[in-house]
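Worksheet: the structure to be examined is printed underneath.
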Amino acid sequence: MRDPDPVPVGPRRRRLAPDERRQEILAAARELFSQRPYRTVSTAEIAEAAGVARSLVHHYFGGIRGVFLAVAAEGAATLASARTAGPDVPFEQRTAHNIAASLDVIAENRETWLAVVAHRLDPIDADIHALVLAAKEASVERTLQANRDRIDDTPAARFALRCFGEFTTEATRMWLLGERTREETEALLLTAGRNLITQTIPALTGARS
């Protein structure tokens, strides 16, 4: 008598450490947030994309807003760390690399970036407000470190870099909304950024001496 065919067994779900599972959920959320505004994404969709139970998404993040804040915080850290070229790289090449790398990260997280920018000046949303302030300071610190052969860490330098951050935000927003091209935006930020470091900050420092 012929033995019955074995019952097919589906692939077993991998057992992951909590941090690994959390990162898996964030990766799925990041992909969904890159496609459309985060308020239109559900935790059920994120759970399905990550291959986990919806309850696990809520366990780690509390809800869709918690997932969004975690993705945004991770994106801010990635944006700051993307500018890897420092004083060991010639100035022209360094600035070109760092601007391009920053825009690449923003392009990969378009919807998340736009959502954060839309709420960046809203003090009522304390979490996003704090996240944006921390990201701004991280950007200032990274620029000072990357160009420490050109500029000193002074109040005048920090003032100029914070103002340039707002300039950068508006230029990038216009690009992402289709009002300007990536090439125009990159050229603008590159020219203005180089002038800031080589001319504006030294002039401000000299004016206060």
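Span-like helix check, the chain: qualifying full DSSP H segments, with Cα axial length of 15 Å or more and mean Kyte-Doolittle of -0.5 or more, are 64-82, 91-108, 126-146, 155-176.
What does the charge count near residue 162 come to, summing +1 for each Lys or Arg and -1 for each Asp or Glu among other residues with Cβ under 11 Å from its Cβ? Spell out each step's value before the answer.
Numbers: positive: 136, 158; negative: 137, 166.
Overall, the nearby charge balance is 0.
Averaging the Cα positions of each part gives two centres, and for the stretch 62-87 and the stretch 135-200 these lie 18 Å apart.
Ordering 187, 147, 79 by Cα displacement along the dipole of the stretch 69-207 toward the positive end leaves 147 in first place; charges were set at the Cβ atoms of Lys, Arg (+1) and Asp, Glu (-1).
All of the numbers you see were taken from the coordinates with simple rules; none came from a lab. Keep in mind the model is a prediction, meaning the values are calculated, not measured. When we count neighbours, we look across all protein chains shown, and the Cβ atoms used for this are built from the backbone with ideal geometry, even at glycine.
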